[in-house]
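Below is one structure, written out as structure tokens, with a few remarks after it.
The values are calculated or read from the model by the stated rules, or taken from the named source; none is laboratory data. Computed from a prediction, not measured in an experiment: that's the story for all the values here. When we count neighbours, we look across all protein chains shown, and the Cβ atoms used for this are built from the backbone with ideal geometry, even at glycine. Ligands, DNA and RNA are stripped out before the accessible areas are found, and what is left, the full protein with its side chains, is counted by its heavy atoms. Shrake-Rupley method; radii C 1.70, N 1.55, O 1.52, S 1.80 Å.
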Amino acid sequence: MRQRKLGLVLVKTVSSITNYVVLAVLLLCLVFGFYALLDSSMVYEKTSTREYETYRPDADNALTFEDLKAINSDTIGWINVYGTNVDYPIVQGEDNDKYIDHTAKNTYSSAGAIFLDYRNKPDLSDFNSIIYGHHMAEHAMFGDLDQFQNSTFFDEHEYGSLYLDRREGQKEYGMTFFAFLETEGSNSELFSPGLEGTEARENYLNYIQDHAMYWRNVSVTPEDRIVLLYTCTENLTNGRHVLVAKVTN
């Protein structure tokens with residue numbers, strides 16, 4: 001009888017410990033879940049266009065584009081894709097790693113920043129320049145580039161602008177989007193900035209046209225300047241979406 005009572009006590013003790021462990025695990029899950037939601041909210045807050053709108057070059061605000069440059073000297077310009085939420089400062093680092101996880105204000109964030117390839121000239125005077133941005137939900141960063149997969153959206157969204165801080169002064173340029181591609185991140189034929197030579201540039205433009213999902217008949221020559229807006233996509237393994245524009249004065 002005594003052994004039976006001891007056994008019952010042992011069973012109840014083990015059961016109580018198990019219940020406490022389960023409860024502790026559930027509480028930890030709730031805490032981590034809350035932390036994950038809070039962290040995601042903070043990430044999207046840092047990448048929201050509201051975070052930067054007061055620094056827009058044409059904005060009538062107390063803060064200016066020059067104030068943003070004072071915060072981060074890597075700031076070289078501003079990009080706006082009309083009809084989308086792409087409306088951000090552009091930065092350029094000494095490599096293509098820094099701004100994968102740092103904002104235009106030079107603070108850490110997994111959302112990163114919109115940045116120009118370090119191999120390009122900061123005034124975008126190269127024939128082909130590449131501008132990178134993370135593909136994010138909530139229309140943040142280059143998340144809206146996905147919309148160009150829709151032919152109607154591509155047809156109805158033809159223009160954007162680039163504001164550049166050049167040696168001779170700040171100047172705004174236009175962008176006319178003429179191609180949208182889906183490719184792989186390892187595509188060295190496409191992701192080689194600053195091409196030199198007429199033949200190489202002609203071949204590059206032909207490659208874009210041959211592989212474009214959508215193409216708009218815009219006059220583009222080897223003497224022009226083009227920019228590639230580059231972001232990730234889940235459609236392919238290591239996939240990338242690329243929106244290509246001619247830079248206009």
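Which members of region 118-135 meet the condition of being farther than 25 Å from Pro222 by Cβ and either touching a Pro at 6+ places or on another chain (Cβ under 6 Å) or open to solvent by less than 30 Å² (accessible area, probe 1.4 Å) (or both)?
Just the residues of region 118-135 that are farther than 25 Å from Pro222 by Cβ, to begin with: 133-135.
Residue satisfying the conditions is Gly133 alone.
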*Identify the single condition in (1) open to solvent by 60 Å² or more (accessible area, probe 1.4 Å); (2) touching a residue at least 12 places away in the same chain (Cβ under 8 Å) that Leu145 does not satisfy, given that it satisfies every other one.*
(1)
*Would it be correct to say that Glu138 is charged (D, E, K, R), open to solvent by 10 Å² or more (accessible area, probe 1.4 Å) and touching a strand residue (DSSP E or B) at 6+ places or on another chain (Cβ under 6 Å)?*
no
*Do we have any residue at all in region 223-243 that's without any contact (Cβ under 8 Å) to a residue 12 or more places away in the chain and closer than 30 Å to Pro57 by Cα?*
yes
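Can you find, within region 166-191, the residue that is nearest to Ile76 (Cα to Cα) among those that are of a type in the set (Gly, Ala, Ser) and free of Cβ contacts under 8 Å to residues at least 12 places away in the same chain?
Looking only at region 166-191, we keep the residues that are of a type in the set (Gly, Ala, Ser), and these are 169, 174, 179, 185-186, 188.
Retained after the next criterion (residues that are free of Cβ contacts under 8 Å to residues at least 12 places away in the same chain): 169, 188.
Working: Gly169: 12, Ser188: 25 Å.
Filtering first and then ranking leaves Gly169.
Is it the case, given these coordinates, that Tyr99 is free of Cβ contacts under 8 Å to residues at least 60 places away in the same chain, within 18 Å of the chain's Cα centre (by Cα) and open to solvent by 50 Å² or more (accessible area, probe 1.4 Å)?
So Tyr99 does not fit the description; no.
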*Between a first residue in region 198-211 that is under 15 Å from Ala179 (Cβ atoms) and a second residue that is open to solvent by 80 Å² or more (accessible area, probe 1.4 Å) and part of a helix (DSSP H, G or I), which pairs have beta carbons less than 7 Å apart while being 6 or more apart in sequence or on different chains?*
none
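Run down Phe154, Phe115 and say which single residue is among the aromatic types (Phe, Trp, Tyr) and crowded, with 22+ Cβ neighbours inside 10 Å.
Values: Phe154 fails: crowded, with 22+ Cβ neighbours inside 10 Å.
On inspection, the qualifying residue turns out to be Phe115.
Looking only at region 62-96, which residues are among the aromatic types (Phe, Trp, Tyr) and open to solvent by less than 60 Å² (accessible area, probe 1.4 Å)? Talk me through it step by step, then tell me what you get.
Restricting attention to region 62-96, the residues satisfying the condition of being among the aromatic types (Phe, Trp, Tyr) are 65, 78, 82, 88.
If the condition is that a residue be among the aromatic types (Phe, Trp, Tyr) and open to solvent by less than 60 Å² (accessible area, probe 1.4 Å), then Phe65, Trp78, Tyr88 are the ones that fit.
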*Hey, can you tell me all the residues within region 150-209 that are of a type in the set (A, V, I, L, M, F, W, C), more than 15 Å from His241 (Cα to Cα) and touching a Phe, Trp or Tyr at 6+ places or on another chain (Cβ under 8 Å)?*
Leu162, Leu164, Met175, Leu195
*Can you give me the number of residues within region 26-64 that are modelled with pLDDT of 70 or more and part of a helix (DSSP H, G or I)?*
6
